[in-house]
């Protein structure tokens with residue numbers, strides 16, 4: 001274990017709220033808001049729109065000092081990825097002013113340090129403690145095995161913030177902070193998000209979360225970091241689960257599962273992994289310490305190649321949406337999507353002998369087709385890729401129907417199992433109004449709640465079922481597989497619906 005982990009913490013709270021806004025009075029309001037969550041704050045002086053606003057914030061802080069709070073001043077130049085126009089002299093001036101305003105720490109860019117005489121900042125009246133930072137917004141460069149910022153005496157702690165392009169990049173950043181002391185690791189970007197949330201668990205001296213506007217790619221809001229993910233409380237004993245897909249930003253699985261953990265008081269955290277290289281992710285499972293994995297587009301079928309065991313129904317379906325990591329490291333796959341389809345349709349339609357169209361032939365389509373045939377429906381498959389449609393039809397005992405015949409056919413149920421119309425590309429429908437000759441339409445897309453397909457159905461007075469019902473049902477079943485206890489369904493449902501209604505009101 002690194003020596004740094006046993007030393008006295010450098011900051012009152014390791015969760016650092018980022019205060020970033022163009023106006024001084026807004027910054028003061030953000031400070032007050034941040035103090036509800038943490039006693040460690042970063043003041044992004046470079047985000048203030050002018051020297052006048054910076055001077056005003058300094059005056060406000062002098063008039064009303066915040067006792068018992070760690071204030072870290074940052075005034076990053078454009079050269080270092082910030083907003084401050086000017087050279088090292090300008091940056092140093094405002095950091096010196098920040099000391100007068102009560103800031104105990106400052107973040108000094110390594111580019112600035114290199115420009116100083118003797119490459120030393122200790123001769124300047126900066127805040128007493130220096131966090132020396134290195135940023136690379138394009139990639140993760142070669143990193144040392146460990147760092148000791150106090151060795152040369154030019155800094156009290158060191159920060160490495162790098163763009164993670166791959167899962168491997170994220171792990172390299174975590175390994176560095178694990179082996180170093182007085183070190184901050186910030187894997188940036190969507191790929192780096194899970195590692196950013198796990199950095200405190202690995203020993204990072206700080207993790208950053210914005211009060212309002214994000215100041216770096218892949219940041220999680222202060223509220224979500226503290227209240228939803230509870231990443232500041234994660235330990236080696238915390239159960240870590242997650243969802244893999246590409247894209248993944250649209251997924252509400254982290255909200256669904258984490259809301260359940262909070263409601264049930266479980267020491268667990270559910271993370272979103274954007275995965276392009278599935279093999280790389282599978283290799284990383286032990287290092288992340290994952291116990292359960294939700295699988296979404298485009299990995300539901302290919303993930304089967306990496307399983308050690310598979311539930312019989314999931315094997316028949318040929319698609320996986322749930323992977324359990326057993327204590328010996330073996331991966332066991334199952335499918336809760338088909339349960340979600342059946343539960344979402346309960347009480348809405350007598351499926352036995354109903355003529356049902358499944359539009360699509362991917363992982364979700366396979367789950368829907370098997371669910372409906374199991375319930376006794378007469379299932380027809382239509383997909384853009386006819387070979388895939390024929391393969392699915394053979395597997396589940398369904399028939400194939402070509403797109404050109406849809407407008408002359410009639411059904412009791414139509415299920416859209418394609419991603420057409422999904423956030424952020426809402427406004428598109430996979431089927432035209434003339435092709436919706438049915439009593440009931442179900443869209444497996446849950447974001448937005450009312451997809452363009454469902455809007456068209458409503459205009460034709462066709463009953464509709466939103467994909468949110470299927471999403472919730474499969475998620476409840478998945479949560480119970482991961483946690484081996486009853487899911488707090490009401491709290492999980494409320495969290496998801498509140499978010500979806502908030503999306504619609506924007």
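The values are calculated or read from the model by the stated rules, or taken from the named source; none is laboratory data. Everything numeric in this text was worked out from a predicted model, so none of it was measured. Methodologically, a virtual Cβ is constructed for each residue, glycine included, from the backbone with ideal geometry; neighbour enumeration extends over all protein chains shown.
Data for the structure
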{"item": "Strands (runs of 3 or more DSSP E) contained in region 127-214 and holding at least 2 residues free of Cβ contacts under 8 Å to residues at least 60 places away in the same chain and over 23 Å from residue 46 (Cα atoms)", "result": "none"}
{"item": "Given (1) modelled with pLDDT under 95; (2) crowded, with 24+ Cβ neighbours inside 10 Å, number of the condition residue 357 does not satisfy", "result": "(1)"}
{"item": "Residue match in region 365-375 (condition: outside any helix (DSSP H, G or I), buried (at least 19 other Cβ atoms within 10 Å of the Cβ), modelled with pLDDT of 95 or more and under 31 Å from the mean Cα position of the chain (by Cα))", "result": "no"}
{"item": "Residue match in region 479-490 (condition: touching a strand residue (DSSP E or B) at 6+ places or on another chain (Cβ under 8 Å), more than 23 Å from residue 350 (Cβ to Cβ) and assigned to a loop (DSSP other than H, G, I, E, B))", "result": "no"}
{"item": "Scope region 398-408; condition in contact (Cβ under 8 Å) with a residue 40 or more places away in the chain and under 18 Å from residue 430 (Cβ atoms); matching residues", "result": "401, 406"}
{"item": "Given (1) under 16 Å from residue 415 (Cβ atoms); (2) surrounded by 19 or more Cβ atoms within 10 Å (Cβ to Cβ); (3) at pLDDT 95 or above, index of the condition residue 479 fails", "result": "(1)"}
{"item": "In region 1-34, residue nearest to residue 145 (Cα to Cα) [restricted to those that are modelled with pLDDT of 95 or more, part of a loop (DSSP other than H, G, I, E, B) and touching a helix residue (DSSP H, G or I) at 6+ places or on another chain (Cβ under 8 Å)]", "result": "14"}
{"item": "Residue check, residue 352 crowded, with 19+ Cβ neighbours inside 10 Å and either out of contact with any helix residue (DSSP H, G or I) (no Cβ under 7 Å at 6 or more places or on another chain) or without any contact (Cβ under 8 Å) to a residue 12 or more places away in the chain (or both)", "result": "no"}
{"item": "Test: residue 243 is over 17 Å from residue 271 (Cβ atoms), part of a strand (DSSP E or B) and in contact with a strand residue (DSSP E or B) (Cβ under 8 Å, 6 or more places away or on another chain)", "result": "no"}
{"item": "Selection count where residues are in contact with a helix residue (DSSP H, G or I) (Cβ under 6 Å, 6 or more places away or on another chain), within 21 Å of residue 454 (Cα to Cα) and not in a helix (DSSP H, G or I), scope region 399-414", "result": "0"}
{"item": "Some residue of region 2-21 being surrounded by fewer than 18 Cβ atoms within 10 Å (Cβ to Cβ), free of Cβ contacts under 8 Å to residues at least 60 places away in the same chain and more than 19 Å from residue 158 (Cα to Cα)", "result": "no"}
{"item": "Failed condition for residue 95, given (1) in contact with a strand residue (DSSP E or B) (Cβ under 8 Å, 6 or more places away or on another chain); (2) surrounded by fewer than 21 Cβ atoms within 10 Å (Cβ to Cβ); (3) assigned to a helix (DSSP H, G or I)", "result": "(2)"}
{"item": "Odd one out for residue 395, checked against (1) surrounded by 19 or more Cβ atoms within 10 Å (Cβ to Cβ); (2) touching a residue at least 40 places away in the same chain (Cβ under 8 Å); (3) under 27 Å from residue 293 (Cα atoms); (4) not assigned by TED's automatic domain parsing to the domain that holds residue 266", "result": "(1)"}
{"item": "Among (1) closer than 27 Å to residue 98 by Cα; (2) buried (at least 21 other Cβ atoms within 10 Å of the Cβ), the one test that residue 134 misses", "result": "(2)"}
{"item": "Candidate set: region 65-86, residues that are touching a residue at least 24 places away in the same chain (Cβ under 8 Å) and surrounded by fewer than 19 Cβ atoms within 10 Å (Cβ to Cβ); chosen: the one farthest from residue 38 (Cα to Cα)", "result": "79"}
{"item": "Filtered residue count, region 448-465, keeping only those that are in a loop (DSSP other than H, G, I, E, B) and either surrounded by fewer than 21 Cβ atoms within 10 Å (Cβ to Cβ) or not assigned by TED's automatic domain parsing to the domain that holds residue 356 (or both)", "result": "5"}
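Matching residues to (1) at pLDDT below 95; (2) within 18 Å of residue 471 (Cβ to Cβ); (3) surrounded by 14 or more Cβ atoms within 10 Å (Cβ to Cβ):
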position	(1), (2), (3)
405	no, no, no
411	no, no, yes
415	no, yes, yes
424	yes, yes, no
436	no, no, yes
